[in-house]
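A.B. asks: The following block contains the structure, expressed as structure tokens.
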Amino acid sequence: MLCRFLFTPEKVLERDGREAASKDPIDWNYLVETAHREGVAALLYYNLRRYGLGHLLPDNVKSGLTDSYHRRVKTTLESIAVIRKVFRGLQEAGIDFLVFKGIALGECVYPQTALRGAGDCDLLVKKRELLAVDKYLNGLGYRSVDSSARLALDNPEGYLASVEYRRDDPSSVGIHVHWHLVNTSVPATAYVAFIDMDALWEKSRRARVADADTRILSPEHLIIYLCEHALRVGHSFDRLILVCDLFFALRFYGKNIDWGFLVEEARRFRLYRFVYFGLLIASRFSSFSLPPEVMENLKPARITLPERWFLNTQLANERLRGSSFFVHLAMNKCLLDKAKFIIYTFFPPRSILFQRRYATEGIAGARLYLDRVGEIGRQFIVFLRAGRGKGAL
């Protein structure tokens, strides 16, 4: 039911109208709580209001959802005011950057900016300019919180490729600076070397974000990225906001998407497996119609049994964080590569563990590795217990 209100509210209006509540009683408290948990409460409110469905909600639920939406709008406007200054300062310093994820999606593909919340502002810069960006942000009172720029630059390829910055003011928006789209603590060695960052920059588009002239990803690269992002082991399409990102990008760009180029790039980047599963899952929950020939061209020659398990749990609405591990595992072809992937998932480089945990060198590395093993072990127990269940959708 939540997906119907998010992706096809016009059908709810057409089919149910004023009789919706009596035909199919809805536990509105549970549905709204679920929407908050899935990161889509603002979008739920927007659609209920836009399509004249607000009368279906009990007054107390409607009031709470309205207040939450207005707080989101206020926070978004305050964040934009801060981000605008950062963007203009970077431009004055002659530093090229590209905006992606949160605010870029909100301003460029969502119906309203506030519908796509963002805990921070994600920027992509060229690796050689990271230290200049670091110096500029330090001058604004920002400090790196997970690693220093110099240390992060030495991270092995295929792991974390970013630094997070925050000011002492807890209400101030954070700045998350990336120099590569792949940003993970799980080894991405099966594909990271094939991602052509120069092509991403070359194909990027100009757009107004936070009232500044900036770069954003091309539609095709954006969709590839959103699939990769949603299928990172730390996400695994665990929240509906990740489906919404794909849905609104697909709907906004529509016929302007060059599907042939998208398939070609997904295969060239070795990301076609992510794109196939990502589009399949997004179309399942949003009912977005995809060209059959595109899905056929993206479909892997062989889908492994663990991947089928992952896909079945997703389509049964049992979206488990970490479960896309099996898709990543399948991308490592030979047994030796698979073994290395498993080992380095449990035991990534020490610098990655420290940065991932926002830890200092004062914490024993052995303790971090034990925590990592325990974390993954607990997650696999969840997988073993997972069955086909019904959710709030």
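A.B. asks: Any residue at all in segment 342-351 that's farther than 20 Å from ASN155 by Cα and either hydroxyl-bearing (Ser, Thr, Tyr) or without any contact (Cβ under 8 Å) to a residue 24 or more places away in the chain (or both)?
C.D. replies: There is no residue in segment 342-351 that is farther than 20 Å from ASN155 by Cα and either hydroxyl-bearing (Ser, Thr, Tyr) or without any contact (Cβ under 8 Å) to a residue 24 or more places away in the chain (or both).
A.B. asks: Within segment 99-114, can one find any residue that is without any contact (Cβ under 8 Å) to a residue 60 or more places away in the chain and of a type in the set (A, V, I, L, M, F, W, C)?
C.D. replies: no
A.B. asks: Moving on to the next point. Among residues belonging to segment 84-132 that are within 13 Å of the chain's Cα centre (by Cα) and among the aliphatic types (A, V, I, L, M), point out the one that is farthest from ILE216 (Cα to Cα). Can you show your working first?
C.D. replies: As a first pass, look at segment 84-132 and keep what is within 13 Å of the chain's Cα centre (by Cα): 100-106, 116-122.
If we keep only those that are among the aliphatic types (A, V, I, L, M) too, we end up with 103-105, 118.
Working: ILE103: 11, ALA104: 7, LEU105: 9, ALA118: 16 Å.
Applying the filter and picking the extreme gives ALA118.
A.B. asks: Got a number for residues in segment 136-151 being assigned to a loop (DSSP other than H, G, I, E, B) and in contact (Cβ under 8 Å) with a residue 40 or more places away in the chain?
C.D. replies: Going through segment 136-151 one residue at a time, the tally reaches 4.
A.B. asks: Follow-up question, since we're still on this one. Report the residue count in segment 284-315 for those that are assigned to a helix (DSSP H, G or I), among the aliphatic types (A, V, I, L, M) and over 23 Å from the mean Cα position of the chain (by Cα).
C.D. replies: Residues meeting the conditions: 1.
So that you can scan it fast, the table gives a plain yes or no per residue for (1) surrounded by 24 or more Cβ atoms within 10 Å (Cβ to Cβ); (2) among the hydrophobic types (A, V, I, L, M, F, W, C); (3) under 17 Å from the mean Cα position of the chain (by Cα); (4) part of a helix (DSSP H, G or I):
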residue: ASP245; (1), (2), (3), (4): yes, no, yes, yes
residue: PHE248; (1), (2), (3), (4): no, yes, yes, yes
residue: GLY254; (1), (2), (3), (4): no, no, no, yes
residue: GLY260; (1), (2), (3), (4): no, no, no, yes
residue: VAL263; (1), (2), (3), (4): no, yes, no, yes
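A.B. asks: Looking only at residues in segment 62-100 that are assigned to a strand (DSSP E or B) and modelled with pLDDT of 95 or more, which one is surrounded by the fewest Cβ atoms within 10 Å (Cβ to Cβ)?
C.D. replies: It comes out as LEU98.
A.B. asks: With the structure loaded, tell me whether ALA212 is in contact with a strand residue (DSSP E or B) (Cβ under 6 Å, 6 or more places away or on another chain), surrounded by fewer than 21 Cβ atoms within 10 Å (Cβ to Cβ) and either of a type in the set (Gly, Ala, Ser) or within 21 Å of PHE261 (Cα to Cα) (or both) or whether it fails that test.
C.D. replies: no
A.B. asks: Same structure again: Would you please list the contacts, defined by Cβ atoms under 8 Å and residues six or more apart or on different chains, that run from a residue in segment 121-135 that is over 12 Å from LEU153 (Cα atoms) to a residue that is surrounded by fewer than 16 Cβ atoms within 10 Å (Cβ to Cβ) and not β-branched (Val, Ile, Thr)?
C.D. replies: From segment 121-135, the pairs are VAL125/ASP96; ALA132/ALA93.
A.B. asks: Is it the case that segment 163-172 has a residue that's crowded, with 22+ Cβ neighbours inside 10 Å, out of contact with any Gly (no Cβ under 7 Å at 6 or more places or on another chain) and within 23 Å of GLY322 (Cα to Cα)?
C.D. replies: yes
The values are calculated or read from the model by the stated rules, or taken from the named source; none is laboratory data. Please read all numbers here as calculations on a predicted model, not as lab measurements. Note that each Cβ is placed from the backbone with ideal geometry, even for glycine, and that neighbours are counted across all protein chains shown.
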